[in-house]
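Everything on this sheet refers to the single structure shown next.
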Amino acid sequence: MSEEPCQCPDCQRFYREHDRLIREFPTFHQQQELNWASIQSFRTLCSKVTNELQRQLSERECNEDIIPEEKHISDLEITEALEELESVNAYLYSIEALMERIFDTKISNNVELKFKEIADQLAPDPLNIDRLILNRLFHQTPDFPDKKNIN
């Protein structure tokens, strides 16, 4: 017996994003590019924030006379964040090394078509008329009330 997917808002948002990424990037090659871009953007952002926090901490050490109200982030908070971000950056470099191996993989056009076929099954377009009709059959909606509420 399979477990029902979690219905909490965070999980539902994840499921929607998961399905959207499959719909919008349904081939092996597109998934390679998407994941590479995602890792690179995350690494770039983490590196820039790390550099900015290091700069901020360094300036504070040089200028001890900063008014406490002007400190939006405490020194301790910056130090802890820098430790965490350095770990994250190390992990992202490791993921990048693994992703380079994935980019060495090439598949045929016929297999790419299989990816598209499976993607359509995994994450059908939620606005597809057939999907909307099925959703109405399975769930009560304002424009299609549940049969047991009809007098």
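The values are calculated or read from the model by the stated rules, or taken from the named source; none is laboratory data. The shown structure was predicted, so the numbers you read here are calculated from the model rather than taken from an experiment. Here the Cβ positions follow ideal geometry from the backbone for every residue, glycine too, while neighbour counts run over all protein chains shown.
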task: List the number of the failed condition for Ile118; all other conditions in (1) assigned to a helix (DSSP H, G or I); (2) at pLDDT below 90 hold.
output: (2)
query: When the stretch 18-50 is examined, which residues are found to be outside any helix (DSSP H, G or I) and either at pLDDT below 95 or not β-branched (Val, Ile, Thr) (or both)?
result: Phe25, Pro26
Test result for Asp104, more than 18 Å from the chain's Cα centre (by Cα), among the acidic types (Asp, Glu) and within 30 Å of Pro5 (Cα to Cα): no
field: Matching residues, the stretch 18-62, being under 22 Å from Asn109 (Cα atoms), touching a residue at least 12 places away in the same chain (Cβ under 8 Å) and more than 14 Å from the chain's Cα centre (by Cα)
entry: Arg23, Pro26, Thr27, Phe28, His29, Gln32
Checklist (1) within 17 Å of Asn35 (Cα to Cα); (2) free of Cβ contacts under 8 Å to residues at least 40 places away in the same chain; (3) part of a helix (DSSP H, G or I) applied to Val88, failing item: (2)
task: Name the residue, out of Leu92, Leu57, Leu85, that is at pLDDT 95 or above and surrounded by 13 or more Cβ atoms within 10 Å (Cβ to Cβ).
output: Leu85
